[in-house]
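*Asks:* Take this structure first; my questions come after.
FYI, it's all coordinate maths here, none of it is from the lab. Please read these numbers as outputs of a predicted model, since none were measured by experiment. Please note: Cβ atoms are built from the backbone with ideal geometry, for glycine as well, and neighbour counts cover all protein chains shown.
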Amino acid sequence: MIEDVPPIWYPYEAFYIEAMFFLTGSAMASADRLERVIARMEAGDETVDADGALNALQNILQQAGALSRYFWPTGAAYHDRGQYLREQFQLKDNSPLKTQVMRNRMEHFDEKLDDYLKDPVAGNIIPSYFGFEPPNNIVPHHIFRAYYSDTGTFEILGMKI
């Protein structure tokens, strides 16, 4: 076995870069859309498309999750490739891309929804929300997905990030 052979042969790096470029391009397009919505909200426009803004935000997080799998793959057989790409892109283990909690929450949303709904849900049920974080009050609220523009927090099934 030759020790100097990298996990990705140099000419093949272009395939990985192209795949990651697609993910980042999609996330950046969504970030532009989200930025426009937030600017309209800050200007007092109350006719913003909250679901569209949430879709854009969720796309950013999903594309980041997909991108993270290139750098921190779950399968042991791909560990060397991930380490190689992290070195090439100078990513450290404290990168936000490494966080898998929200990624797993979205990728396994169907299972998390099953778990969330195992117990009876009562109170204010909010499928989607975009705006200032609502105050905690006597009546519990169950928010399936939300973005709180005042704190920059995304929530999905009770998990905030």
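*Asks:* Report, by residue number, each residue of the stretch 104-126 that is more than 14 Å from Gly65 (Cβ to Cβ), part of a loop (DSSP other than H, G, I, E, B) and either touching a His at 6+ places or on another chain (Cβ under 6 Å) or not charged (D, E, K, R) (or both).
*Replies:* Leu117, Pro120, Val121, Ala122, Gly123
*Asks:* Looking at Asp93, Asp45, Asp115, which one is surrounded by fewer than 16 Cβ atoms within 10 Å (Cβ to Cβ), of a type in the set (Asp, Glu) and within 20 Å of Ile156 (Cα to Cα)? Give the steps one after another, and end with the answer.
*Replies:* Values: Asp93 fails: within 20 Å of Ile156 (Cα to Cα); Asp45 fails: within 20 Å of Ile156 (Cα to Cα).
Only one candidate passes the filter, namely Asp115.
*Asks:* Select, from Pro7, Pro11, the only residue that is over 26 Å from Leu61 (Cβ atoms) and surrounded by 10 or more Cβ atoms within 10 Å (Cβ to Cβ). Before you say what the answer is, go through the steps one by one.
*Replies:* Details: Pro11 fails: surrounded by 10 or more Cβ atoms within 10 Å (Cβ to Cβ).
Within the list Pro7, Pro11, the selection yields Pro7.
*Asks:* Looking at Ile156, Ile161, Ile125, Ile138, which is the one that is free of Cβ contacts under 8 Å to residues at least 24 places away in the same chain and within 21 Å of Ala53 (Cβ to Cβ)? Step through it out loud before you land on a result.
*Replies:* Numbers: Ile156 fails: free of Cβ contacts under 8 Å to residues at least 24 places away in the same chain; Ile161 fails: free of Cβ contacts under 8 Å to residues at least 24 places away in the same chain; Ile138 fails: within 21 Å of Ala53 (Cβ to Cβ).
Every option except Ile125 fails the conditions.
*Asks:* Does the stretch 114-125 include one or more residues that are within 20 Å of the chain's Cα centre (by Cα) and among the hydrophobic types (A, V, I, L, M, F, W, C)?
*Replies:* No - not one qualifying residue is present in the stretch 114-125.
*Asks:* Can you tell me which condition Val48 does not meet? The list is (1) assigned to a helix (DSSP H, G or I); (2) touching a helix residue (DSSP H, G or I) at 6+ places or on another chain (Cβ under 7 Å), and all the others hold.
*Replies:* (1)
*Asks:* Exactly one of these conditions fails for Gln83: (1) of a type in the set (S, T, N, Q); (2) part of a loop (DSSP other than H, G, I, E, B); (3) more than 20 Å from the chain's Cα centre (by Cα). Give me its number.
*Replies:* (2)
*Asks:* Okay, moving on. With the requirement that a residue be assigned to a loop (DSSP other than H, G, I, E, B), within 22 Å of the chain's Cα centre (by Cα) and either among the acidic types (Asp, Glu) or on the phi < 0 side of the Ramachandran plot (or both), what does the stretch 135-161 give you? Full working, then the answer.
*Replies:* First pass over the stretch 135-161, keeping only residues assigned to a loop (DSSP other than H, G, I, E, B): 135-140, 149-152, 157-158, 161.
Still in the running and within 22 Å of the chain's Cα centre (by Cα): 149-152, 157-158, 161.
Selection gives Ser149, Asp150, Thr151, Ile161.
One line per residue, one yes/no per condition, for (1) more than 27 Å from Tyr12 (Cα to Cα); (2) surrounded by 17 or more Cβ atoms within 10 Å (Cβ to Cβ); (3) out of contact with any Leu (no Cβ under 7 Å at 6 or more places or on another chain):
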site	(1), (2), (3)
Asp32	yes, no, yes
Ala53	yes, yes, no
Phe71	no, yes, no
Ala76	no, no, yes
Ile126	yes, no, yes
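*Asks:* Do we have Glu35 as free of Cβ contacts under 8 Å to residues at least 24 places away in the same chain, assigned to a helix (DSSP H, G or I) and among the acidic types (Asp, Glu) here? Spell out how you get there, then give the answer.
*Replies:* Details: free of Cβ contacts under 8 Å to residues at least 24 places away in the same chain: yes; assigned to a helix (DSSP H, G or I): yes; among the acidic types (Asp, Glu): yes.
Judged against the criteria, Glu35 is a match.
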